[in-house]
Structure formats: C-alpha cells, structure tokens
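> I have a structure here, written as structure tokens, and I will follow up with some questions on it.
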Amino acid sequence: MGMFDPIKGFGVTFGMMFKKVATEEYPEAGAPAAPRYHGRHQLNRHPDGLEKCVGCELCAWACPADAIFVEGGDNTEEARYSPGERYGADYQINYLRCIGCGLCVEACPTRSLTMINFYELADDDRQRLIYTKEDLLAPLLPGMEQPPHPMRLGDNEQDYYVNGPELARKPAESKEPVQ
C-alpha cells in the first residue's frame, strides 16, 4: 500500500463533485410508466356503459394472494348492470395483499378485468388500499350511460360478447371528422 493511495481515493470523489447530478424529481414530476406496464386493476365496460363483469368469481379463485373478493348479484329488467344474468355486485381488491402477478386478468372470461399502467399505490391509510368496485370501474366515455339501464347493443348477452369487437368500433366510426 502506497503513501498516496488515500489521495487517489479522494481523486474519484473530487471528480464526481463537478459532474451533473442525475436526480429524478419524482413526486413533483411523475415518471411515466411504460404503456404496457401492469399496475392497478380496472373493471372495463361495454361501449354502452354496461359492466363486463358477470360476477363469476374466477379472478378471486385464481388469485394466489387471496386479494380479491367478489360477490355476484342477479340482474333484473328494472336494474341491469351487465348484459348477462349476473353482475359483480360487490368487488374489492386488497392492494395490501396483491402481488401484481396478473393471474386474475388471465382467468377473467369476459376480459372485464385488466391492468392499467397506473403504479402509484402507496398510502398511509390501510383502508384506502382496499379498492372497491367504484374505485376500479373504468370511467364513462362519451356515448356511455351509467348503469343500471337496459341493453342498448343487442337483445342478449351473445350480442355483446360474440359481436364485441364490431360493437366497440361502431361508436368510433360514427364520429364526425374534426374540422
């Protein structure tokens, strides 16, 4: 060990002192996530606003962390929330338990449950990390109507699920070009 070894070590320190700092201004300027990043869950809707969730509970069965609670309810002609016979009356995801594996998304037969790229799920209150159906439902887009309401895109659930891709395209095609 030479006499100048400690001074050589300080040379690295002094060299770094004058370089540009690579600090992220995270809380003030949020870093965008990749478009296909799997973050928070979302319960999707049909183009008329009815919910895609049919309350089958397959997502809850598939969850290895037991983070999902689903209780199905029966649709009636007076109160219709989904095109099928049933809908997810109570839907909760506990983000204190969720490990973000996506098995619930794979298990969903109606493509109701997907994951969006929102990733800021920290909180200082444990109760707020249990997301309810109202927190998870996709926002109403133009042309959608808040359920409950009658079926607008067909007479039965087959119209919704078999013709789904065509139904999803119709509202976009009918828009007038922007001047």
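> Of all residues in region 18-44, which are small (Gly, Ala, Ser) and either free of Cβ contacts under 8 Å to residues at least 12 places away in the same chain or not in a loop (DSSP other than H, G, I, E, B) (or both)?
Residues satisfying the conditions are ALA22, ALA29, ALA31.
> Does any residue of region 3-20 turn out to be modelled with pLDDT of 80 or more, of a type in the set (Gly, Ala, Ser) and in contact with an Asp or Glu (Cβ under 9 Å, 6 or more places away or on another chain)?
no
> Scan region 1-15 for residues that are in a helix (DSSP H, G or I) and of a type outside the set (Val, Ile, Thr) and jot them down.
ASP5, PRO6, LYS8, GLY9, PHE10, GLY11, PHE14, GLY15, listed by residue number.
> Restricting to region 102-150, give me the number of residues that are loosely packed, with under 11 Cβ neighbours inside 10 Å, of a type in the set (A, V, I, L, M, F, W, C) and under 11 Å from GLN42 (Cβ atoms).
0
For every residue, the table says whether it meets (1) touching a Leu at 6+ places or on another chain (Cβ under 8 Å); (2) more than 29 Å from ARG126 (Cβ to Cβ); (3) of a type outside the set (S, T, N, Q).
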| site | (1), (2), (3) |
| --- | --- |
| CYS53 | yes, no, yes |
| GLU57 | no, no, yes |
| ASP66 | no, no, yes |
| VAL70 | no, no, yes |
| ASN75 | no, yes, no |
| SER82 | yes, yes, no |
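> Residues that are modelled with pLDDT of 95 or more and within 15 Å of the chain's Cα centre (by Cα): which strands (runs of 3 or more DSSP E) entirely in region 47-134 hold 2 or more of them?
86-94, 113-115, 130-132
> Mind listing whichever residues of region 54-71 are surrounded by fewer than 19 Cβ atoms within 10 Å (Cβ to Cβ) and touching a strand residue (DSSP E or B) at 6+ places or on another chain (Cβ under 8 Å)?
If the condition is that a residue be surrounded by fewer than 19 Cβ atoms within 10 Å (Cβ to Cβ) and touching a strand residue (DSSP E or B) at 6+ places or on another chain (Cβ under 8 Å), then CYS56, GLU57, ALA60, PHE69, GLU71 are the ones that fit.
> Just to check your reading of the model, which residue among GLY73, GLY11, GLY15, GLY88 is free of Cβ contacts under 8 Å to residues at least 40 places away in the same chain and either under 17 Å from CYS104 (Cβ atoms) or in contact with a Phe, Trp or Tyr (Cβ under 9 Å, 6 or more places away or on another chain) (or both)?
Exactly one of GLY73, GLY11, GLY15, GLY88 is free of Cβ contacts under 8 Å to residues at least 40 places away in the same chain and either under 17 Å from CYS104 (Cβ atoms) or in contact with a Phe, Trp or Tyr (Cβ under 9 Å, 6 or more places away or on another chain) (or both), namely GLY73.
> Another question, then. Using the structure shown, decide if ALA79 is under 30 Å from HIS149 (Cβ atoms), surrounded by fewer than 18 Cβ atoms within 10 Å (Cβ to Cβ) and among the small types (Gly, Ala, Ser).
So ALA79 passes the test.
> Given the criterion buried (at least 16 other Cβ atoms within 10 Å of the Cβ), assigned to a loop (DSSP other than H, G, I, E, B) and modelled with pLDDT under 90, identify the matching residue among LEU153, LEU167.
One residue alone meets the criteria, LEU153.
The values are calculated or read from the model by the stated rules, or taken from the named source; none is laboratory data. Since the model is a prediction, treat every value here as computed from it, not as a measurement. Here the Cβ is made from the backbone with ideal geometry for all residues, glycine too, and neighbour counts use every protein chain on show.
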